[in-house]
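Some notes on the structure that comes next.
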Amino acid sequence: MGWNWFGPVATTRWVFSAKLGRYGLVPQQHLGLVSILAAVLVGVLILAFILVAFRDLGRLRTGISRAWAIGRTAFTEAWSARIWAIYIIWLGLVLILAFTMVRGYGPADEMRMYLTIFLRGQVVLLLLYLGILACMALPRERERRTLITTGSKPISRLELLLGKVLGLSTAALVLVLAMMVTTWGFMTLVNAKIRHDAGVLYAMQKRSYDQLVRHVPPEPGLRYLARHGVLQASNNLRGRLRIAGLISYATNPPQRELKGGSAEKLLFQFPSLPATWQPQAPPLFIFHLPPFSLLKRQVPKKTIIHVTLTANDNPLHRKHKVLTLNADGDAVWQPSNPYKFFSFVDPRNGRVYDPGPVTVGVTCPTLGDYLLVGNGRTAASAACKAWNMDPNRVPGHLSFVLPQPDPRIFGFMKSKHQTWQEIAGATTAQKNIPPEVASMEFRHLQASQVPIDHDGNFTVDLLLGVNKHFNEAAPAKALIRAYAVDNPRHPVQRLIRVEEKHVTTLKLPATLLDGSSLIINLQSAVPGLWIKLRSNSITLARPPSPFIANLGKSELIIFCETVLLISIGVAAGTCLGWPVALLVTAVCYLLGSILEFIHRMFDQISQGFSFFHGGEHAAWSAHLGWLIRAVMVRTLYFLVHVVPDFTRFDPTRFIVQSVNMPWAFLGWNLLWTVIFVLPTLALGYLLLRRQELA
Amino acid sequence: MVAPAQAIQTRQLTKIYPGFWKSQKVPALLQLNLQVQQGEIFGLLGPNGSGKTTTIKLLLGLINPTAGEAQVMGRPAGDQETRRRIGYLPEESYLYRFLNARQTLDFYGRLFNMNRVQRRRAVDYYLDFVGLDPAVRGRRIGTYSKGQTRRVALAQALLNNPDLIIMDEPTSGLDPVGILEIKNMILRLKQAGKTVLLSTHQLADVEDVCDRLVILYRGRVEMSGALSDLLERRDVFQLEARQVSPELQERLVALTRESGATDVQIIRPRARLEDLFKRLVDAKRQTERAGK
């Protein structure tokens, strides 16, 4: 979603680069520049639209008190409509959900679930009720004809519009504040109970241990829980995690592997791919990724790979395909509409269409499998190559186009759906293969950035998981090796015991913090033990922030989302009756909330829009069906990029992980709210400006 | 002699409401030429659907004209600054039911950018002025009687001390005492130099207070002019006197007939029911006050 910084602008760029460029309407050499200029032009037009819409802003300087007067009345109306009942309903609902659903979990998970229920409940109820009120704000004034009396006063339409948004936003703010205080109070109570219970249990364990009744020392985790509780907003420093897969040191250079079942991704960069359209020799990709498995399987399992094909100049030209490798690790893929990725000559006008360089991404979802990655320098060892169909256009490439050598492996991709990754311990299946290493890099780390204790140590927090494939009885242990990049010959080595889903604390000497990057390598110390970790599993401890401040930030994001929906509702109500305005607002919210889903659907469905599969001999009904589907999907795709993107607002993203929300994240959310609200209000004002009030 | 400034001037003002798709358009006002002098009370008469309210909405800029133009206090109709000098009383009291009388006037005071002190003074003054019972001022307007709501609506129209007051059916929903008070108030406004545009069905109201009037029918002007010119019967003579004996009456009739006059008759004038009702209610109120 990185390219979608603002829907209409990005869509324009797509139209220019993908559509106009395809038919040669824009010269290939200028395509990139023209598409950027077009996008900038659309951006300027949007700004101009906002400025034209708000050209009465100058007068608003004296009218802000009038807008606030309208806002006060809107707030009073909302209050007299018993908006406070939302608070009661929310409290009742979340308490019922909390006491029925949250049972039998550990303290941290319990808190996480409580927070999720409380915050998500706020989002649902606030958006629902204030969205309805916003849609009814102006239509109800029109129905009750109070707009006639108000409109006869010296008030502009802009003040009227802003006043409604202000008033309902104030109502939202009051509700959010009330809900925040309640959430904080509830969490504090639960936290106090958890601390008390942990303290009692720890004291009991300690007493038993001291009196030699119990032979196991008291759990340090309980003492930590009793002291600090679970309401935390940690500011721990996070590094960059890399897991390179297994590395075979037998070859020179060391042979790299792509790790199955992980989010590791292999990226091959291709230059422009030439092709001609000959049915007997279609353009295609050939993969050679020999697999091997660390796990002993009763039934041989097929190894599959997920391939993503992207035209670098046009992110919308993407394809996704699942391929099954044969025993030698070979697979062939012929993309269904290769004109998006291979250059071709348009038979109608003889113009050359060239989509430019492409990227092939490969992931392997089969856990326990490893794919040997060739270096791409020779056709024989290339992991991925493309069949070249046009030797005349690119002399020297008679049969294949090879990607650039040394494909990039992304060790740990940030993904919403796959947050945990495993590193394999030593195995009996492949004797010569060492355990995998997860490497966390903290760049340019100074001693002043982390607190140093009296012994000259700083603290590393590790939150790890464990997966035992065999050797179940052995205690879970991991080997930590830490060193500064400028001084790699003096690493510090520690053997730690891994406790699943509990923070393990490790002390390291501050001498490692010399201003260069700090590397902390982690590997399993027990054969058969695979360690699970996430991108934020290894962090450097820093003083935490107050929980209430972190909660306030989350509440602010809920407020921003509500203000955006209020703006959409009020703007829709300027020219529509309230039921239709409500429908429009709901559709806007729905489309804005499923951006990611539409992206995925577009990728999958677009494979069905075959340029070739239907062929020239397909029935006209098939062509018509294809056309209708194409138009519908593209319209939907366009719409989701034009409406505000609600997926940006995620109030639970940090707080449920006990992490303090960075100010930058909050700032971006505020900025996005302004960016989305301004055009919405501008549109509403343009619609209301010349409208008759009576 | 300098001609008085125009408070309202319209030129070929036309409003045709568009129909849905190709259905018939509705002509509400056709080529209205109107001139209202500053400081006069001008009556806008006509049956239902004649275009009175449409004219007012056009003057306030609440709706847009199809053709023609209108100027109010020397500026285009609907101008935001002009609306500072206008007070408008709609035909129904379109007020927020969830606010009380004080909050309502405070809200409209804010729209005129009045400060807190000005608002407080104006609210108290005009609520007293329209005679709203102090006991109900803190109650929500939704609980008011029609007459009480009307008084609040009237107060909001006067709140900004306007130069031009546009009143659409000002007496609707009021009791006879209230009607009389409104009429007296309109006359007092005239004395204060204000211009009043009065739109009503109540012909008696117009007759009592208006200087000039226009009669509309189906959006067109049917008649206009000064009230005295329009209503004066120049061929009829009326003599009014008290304590005239029957003999003298007969002699007067005979004398009149002998002089060639026709349709001679003696009419005993009756007191107006409005005056009678007011006297009665005033007397009862005084008794109640004395009792308290």
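Looking only at residues of the stretch A:332-350 that are assigned to a strand (DSSP E or B) and open to solvent by less than 10 Å² (accessible area, probe 1.4 Å), we find that the one that is modelled with the lowest pLDDT is A:Ser343.
Put simply, of A:Val216, A:Val176 the only residue that is under 21 Å from A:His502 (Cβ atoms) and of a type outside the set (Phe, Trp, Tyr) is A:Val216. On inspection, B:Gln80 does not qualify as crowded, with 22+ Cβ neighbours inside 10 Å and within 14 Å of chain A (Cβ to nearest Cβ). Could we say that A:Ile148 is within 14 Å of chain B (Cβ to nearest Cβ) and out of contact with any Lys or Arg (no Cβ under 6 Å at 6 or more places or on another chain) here? Judged against the criteria, A:Ile148 is a match. On the basis of being surrounded by fewer than 15 Cβ atoms within 10 Å (Cβ to Cβ), touching a Phe, Trp or Tyr at 6+ places or on another chain (Cβ under 8 Å) and within 14 Å of chain B (Cβ to nearest Cβ), does A:Ser80 make the cut? Taking the combined requirement at face value, the residue satisfies it. Picking from residues in the stretch B:228-261 that are farther than 30 Å from B:Val214 by Cα, charged (D, E, K, R) and exposed (fewer than 10 other Cβ atoms within 10 Å of the Cβ), the one that is nearest to the chain's Cα centre (by Cα) is B:Glu240. Please verify whether the stretch A:655-666 includes one or more residues that are touching a strand residue (DSSP E or B) at 6+ places or on another chain (Cβ under 9 Å), surrounded by fewer than 20 Cβ atoms within 10 Å (Cβ to Cβ), away from chain B (no Cβ under 14 Å) and part of a helix (DSSP H, G or I). Yes, the stretch A:655-666 contains at least one residue that is touching a strand residue (DSSP E or B) at 6+ places or on another chain (Cβ under 9 Å), surrounded by fewer than 20 Cβ atoms within 10 Å (Cβ to Cβ), away from chain B (no Cβ under 14 Å) and part of a helix (DSSP H, G or I). Does A:Arg82 count as of a type in the set (D, E, K, R), at pLDDT below 80 and not in a helix (DSSP H, G or I)? No: the conditions fail for A:Arg82. Out of the residues in the stretch B:95-115 that are facing another protein chain (nearest Cβ under 7 Å) and buried (at least 20 other Cβ atoms within 10 Å of the Cβ), which is nearest to the chain's Cα centre (by Cα)? Of everything passing the filter in the stretch B:95-115, B:Leu95 is nearest to the chain's Cα centre (by Cα). May I ask you to verify whether B:Ile56 is of a type in the set (A, V, I, L, M), in a helix (DSSP H, G or I) and either out of contact with any Pro (no Cβ under 6 Å at 6 or more places or on another chain) or within 14 Å of another protein chain (Cβ to nearest Cβ) (or both)? Yes, satisfied.
Considering each of B:Gly39, B:Gly74, B:Gly51, B:Gly68 in turn, give the residue that is on the phi > 0 side of the Ramachandran plot and surrounded by 19 or more Cβ atoms within 10 Å (Cβ to Cβ). It is B:Gly51. Scanning the stretch B:21-44 for residues that are more than 27 Å from B:Val209 (Cα to Cα) and of a type in the set (Phe, Trp, Tyr) turns up at least one hit. Does B:Leu154 satisfy the condition of being more than 10 Å from every other protein chain (Cβ to nearest Cβ), surrounded by fewer than 22 Cβ atoms within 10 Å (Cβ to Cβ), touching a strand residue (DSSP E or B) at 6+ places or on another chain (Cβ under 8 Å) and under 20 Å from B:Gly173 (Cα atoms)? No; evaluated as a whole, the condition is false for this residue.
Let's see how each residue does on (1) free of Cβ contacts under 8 Å to residues at least 40 places away in the same chain; (2) among the acidic types (Asp, Glu); (3) out of contact with any Gly (no Cβ under 8 Å at 6 or more places or on another chain); (4) open to solvent by less than 50 Å² (accessible area, probe 1.4 Å):
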site: A:Phe54; (1), (2), (3), (4): no, no, yes, yes
site: A:Gly71; (1), (2), (3), (4): no, no, no, yes
site: A:Tyr87; (1), (2), (3), (4): no, no, yes, no
site: A:Leu97; (1), (2), (3), (4): yes, no, no, no
site: A:Thr100; (1), (2), (3), (4): yes, no, yes, no
site: A:Tyr105; (1), (2), (3), (4): yes, no, yes, no
site: A:Phe118; (1), (2), (3), (4): no, no, yes, yes
site: A:Leu128; (1), (2), (3), (4): yes, no, yes, no
site: A:Cys135; (1), (2), (3), (4): no, no, no, yes
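Residues of the stretch A:511-531 that are surrounded by fewer than 16 Cβ atoms within 10 Å (Cβ to Cβ) and outside any loop (DSSP other than H, G, I, E, B): A:Thr511 alone.
The values are calculated or read from the model by the stated rules, or taken from the named source; none is laboratory data. Computed from a predicted structure; not experimentally measured. A quick note on method: Cβ atoms are made from the backbone with ideal geometry, for glycine too, and the neighbour counts reach across all protein chains shown. Protein only, heavy atoms only, side chains kept; ligands, DNA and RNA dropped before computing areas. Shrake-Rupley method; radii C 1.70, N 1.55, O 1.52, S 1.80 Å.
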